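The structure follows.
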Amino acid sequence: MPKIPINIATGSLQQPEIIVGIDLGTTNSLVAIIHPESKQPTALKEHNSASLVPSVVHFDAQGQATVGEAARNFLLTEPQNTIFSAKRLMGKTYADVQAQSGFFTYKIIDDQTDSLVKVQVGSRFYSPIELSSYILKELKTRAEHILKTPVTKAVITVPAYFNDAQRQATRDAGRLAGLDVLRIINEPTAASLAYGLGLNQAGEQTIAVYDLGGGTFDISILKITDGIFEVLSTNGNTYLGGDDVDRAIVNHWLNQTESQDLPENKALLQTYRLEAERAKKHLSTHSVFETALDGQHHTLTSEQLGSIVQPLLNQTLDCCRQALADAKLNVAQIDEVIMVGGSTRMPIIKTAVGQFFGKPVHDGVNPDEVVALGAAIQADILAGNNRQVLLLDVTPLSLGLETMGGLMDVLIPRNSKIPSRASRQYTTQKDGQSGMRISVYQGERDLVEHNRKLAEFNLTGIPGMPAGFPKVEVAFLINADGILQVSAKELRSGVSQSIDVQPQYGLTDAEVERLLLESLTHAEDDIATRALIEARTEGQQLLSTTEKFVGKNAALLTPQELTDTAMAMQALQLALTMTDKNLIQEKTEALNEVSRPYAERVMDQAIGQTMKGTKI
Ligand code: ADP
Ligand code: MG
C-alpha cells in the first residue's frame, strides 16, 4: 500500500491536492490558489475575463439561478428577483436587519420570530446560506473548469467582526456548495498573509488593515506575535463604500441636466450607475472622463470626484481613530498599513490614509484580490505544502464525546486552532437518571470504538427529573499548551464536574497517521453505520414513548387503535433486530402514523381540561 505522508503540525495529508482560497465578498467574490509551478498566489480567471465574480444571484421564473456579471444586469430591471449583498444577511434575524430594510430591493421575510431571515423570490424562499452557496458553487465550478480537476476543499474568509453564527453560516454555505471548509479566516488576516506579514516572522508587529469595498468599510487593528494573529479592534461602517460614490456621481450628472430627476426608466438608471462606476475607475489613472448618456454629454474630473469622495473618506478616518482608541494605540505604534478593497484604488484614498497613519501604505497587491490571495496562502499551509511555516498551532485530531449508540459527537474538529473552546448541551435518557457518564474520545471515525479514548468521568448528583429535562452542558477547552479540560454542568441544578486531559500525549506520529488514514478508508462504512445507529435510536425511542403513552391512556383509545398500535410496535421491534436502516425507518414512520391521531386527540383533551380548570 502506498504510504501517504501526513503533516503532523496540521494533521493534513501531504498529497498534491488543491485547496482553494475564497473571498466571499459583499460585492465581489473570487477564488485563488498557489500556482503549482510558480508557487505564487494567483487569482483564478478564465481567459480574457475578470477574476472577480459579482456576488449577485438572479432567479428566473423557473427558479433557475444565475450568478455573477449576468445576474448583475438584472439589478435594476428585476430587483425582486435579483439578490445582492446576501452576505449582509448571513446569520441575521429579521430584527437585526429591520432598520436597514429599505436598503434591500428584494423581499425579506418577517415571520415575527427571532429565527434567521429568509428571502422570498416568487413563491420560493431562500436562506442567506443558500444564496451564498449559489455564489460559492459558481466559484467552485469556475475553478474546476480552469484547473480541470475537482475542487472540494476551501478556506473561506469572513470579516473580523463576524460572530459565531455568521461564521457557522458561512461554513454551512460552503458545505451546501459541496466544499469542505477547512478553515474560516479573517479577511484582514488573509490580507496580511498576502503581504507576507506574519509568515516566518519571530517577534511582534501591529498592523492596520483599511478595507473599503463596494458597500462596506472595515478597519481592523491586528497584532501578530510569532505568527499568531490577534484582532485588537475593529471598526467601520457596514453601509459605506464604492457604491455610494457611484450614486453620488449619478446625482452629480443629473444635476447638470434639465430634468434633474432620477430616470424613471430602470434600465437607463442602471446604465447611469454602471457608467458612473466606469468613470470612477477611469479616474484612478486619468484626470478626465467623458461620456454620452441618454443623448447628454457628461464629464467628470478627478477634482470633482475628489470632492464627491471627501465626506466618505472623512467618515472612514473617524472609524480609524475609534479603532486605534479601542486598541489603546496611537498611530505611531502601527508598524504596517495595508490597503484592501477595490475602492482603495482611488488615489485620494491612498494618499489620505498614508497621511493619517504617517507612513506609506502597502498597495502592491491587487486590492480586490488580496484577501483571496491570502486565503490561498493559508490553504497551501493547510495542505502541508508550505512546510517552513507553522502558522498556528492546531489540533491534529478531532475531539468529542460518546453519545447514544456509541456515536462520536465531535466538539472540536481536527485542525482547529489552539487555544480553542466548544460546548454543547446534552440531556438524560431515563426518568430520574441521576448520573451521566462523559467519555472523551479523539479521532475521525463516526463510532467511538474506532477512536481513541482519552478520559471518562461521571457527572453525579443530578436531581430527579423526567428524561430529557436536565440540561447538561459539556465544555471542551484546549489551552495554548494543548491541554484539554473537559467540564460538565447540569444547568438547572448547577451540579458540575471537570477533568484535565492531555490529548496529544502518548500518541506517536505514526499513530496519528494511522487514525487519519483509517478515517479516510472507512468514511463510507462510517456514514452507513451512523445512519443505521441513528435510525435504531429513533426507533427505540418511539417504541418506549409509545409503550408509556398507551400504558397511561389505554382507556382513551379505541380497540381498533390498540390492535393497530400493537401490530405496528411488533413490526418495528422486529425491524430493530435487523440491520436494514430503510426498513427501520419505514416501520418507525408506520408506528408514528398509527399513533399520531390518538396522541393528538388525547393531548387536546388534556389541554381542554386544564383550560376548563383555569379561572379568569
Ligand atoms: P467587496 O469586498 O465589498 O466585495 P471589492 O473589494 O471587490 O468589494 O470592491 C468593490 C468596489 O471597488 C466597487 O465599488 C468598485 O466600483 C470599486 N473599485 C474597483 N476598482 C476601482 C478603481 N479602479 N477605482 C475606484 N473604485 C474601484
Ligand atoms: Mg472585500
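The values are calculated or read from the model by the stated rules, or taken from the named source; none is laboratory data. Worth saying up front: this structure is predicted, and the values here are computed from it rather than measured. For neighbour counting, all protein chains shown are included, and Cβ atoms are generated from backbone atoms with ideal geometry for every residue, glycine included. Ligands, DNA and RNA are stripped out before the accessible areas are found, and what is left, the full protein with its side chains, is counted by its heavy atoms. Shrake-Rupley method; radii C 1.70, N 1.55, O 1.52, S 1.80 Å.
Which links in K45/K148; K45/K266; K223/K417; K87/K223; K92/K328; K87/K118 stretch past 19 Å when you go from one Cα to the other? Walk me through the intermediate numbers first.
Details: K45/K148 13 Å; K45/K266 31 Å; K223/K417 17 Å; K87/K223 26 Å; K92/K328 30 Å; K87/K118 13 Å.
The answer is K45/K266; K87/K223; K92/K328.
Describe numerically, in nm with one decimal, the distance between label points set 7 Å from Cα along Cα→Cβ at D604 and at A165.
The two pseudo-label positions are separated by 3.5 nm.
Quick one: of the DSSP bridges fully inside the chain, what percent are antiparallel, nearest 5? Before the final figure, lay out each step's value.
Values: 85 of 102 bridges.
So the antiparallel bridges amount to about 85 percent of the total.
So for the stretch 525-611, Kirkwood radius off the Cα pairs, Stokes-Einstein at 4 °C and 1.567 mPa s: how many µm² s⁻¹? Let's see the in-between values first.
Values: Rh = 13.8 Å.
Approximately 94 µm²/s, per Stokes-Einstein.
Using only DSSP helix segments of four residues or longer, with each worth -39500 (n - 2.57), what per-residue ellipticity at 222 nm results for the chain after dividing by its residue count and rounding to 500?
About -12000 deg cm²/dmol.
Of the accessible area of the chain, with the probe set at 1.4 angstrom, what percent is carbon plus sulfur? Don't skip to the answer; put the middle values down first.
Numbers: 15270 of 29980 Å².
The value for the chain is 51 percent carbon and sulfur by accessible area.
Tell me, what is the Rg over Rh of the stretch 201-364, with Rh the Kirkwood radius over Cα pairs? Please list the in-between numbers first.
Values: Rg = 18.4 Å, Rh = 17.2 Å.
Value, to two decimals: 1.07.
Just to confirm the filter: which chymotrypsin sites (Phe, Trp or Tyr not before Pro) across the stretch 158-244 are DSSP coil and have at most 14 other Cβ within 10 angstrom of their Cβ? Walk me through the intermediate numbers first.
On the way: sites: Y161, F162, Y195, Y210, F217, F229, Y239; in loops: Y161, F162, Y195, Y239.
Answer by residue number: Y239.
Another question, then. Work out the charge dipole of the chain with +1 on the Cβ of Lys and Arg and -1 on the Cβ of Asp and Glu about the Cα centre, then indicate which of S51, V340, H145 is farthest towards its positive end.
V340
Now for a different question. What are the semi-axes of the equivalent ellipsoid for the stretch 24-83, taken as the square roots of 5 times the Cα gyration tensor eigenvalues, largest first, in whole Å? Please report the intermediate quantities before stating the final value.
Working: eigenvalues 171, 20, 17 Å².
Result for the stretch 24-83: semi-axes of 29, 10, 9 Å.
Fully extended, how many nm does the chain gain between T545 and D318 (0.36 nm per residue separation, minus their Cα-Cα distance)? Display every interim value, and only then the final one.
Working: separation 227, 0.36 × 227 = 81.72 nm, distance 6.12 nm.
Length difference between fully extended and current span is 75.6 nm.
With the other protein chains left in place, how much accessible area per residue, in square angstrom, belongs to the stretch 201-364 at a 1.4 angstrom probe? Before the final figure, lay out each step's value.
Values: 7530 Å² over 164 residues.
For the stretch 201-364, the solvent-accessible area averages 46 Å² per residue.
Can you list the HN-Hα couplings for the stretch 403-414, worked out from phi with the Karplus curve (6.51, -1.76, 1.60; θ = phi - 60°), rounded to whole Hz and with x for Gly and Pro?
Once rounded to whole Hz, the list reads 10, 2, x, x, 8, 8, 10, 6, 9, 10, x, 4.
Also, quick follow-up: Using every pair of alpha-carbon atoms in the chain, split the distances into 10 Å bins beginning at 0 and state the percent of pairs per bin, rounded to integers.
Using 10 Å bins, I get a P(r) of 3, 13, 20, 23, 18, 11, 8, 3, 0, 0 for the chain.
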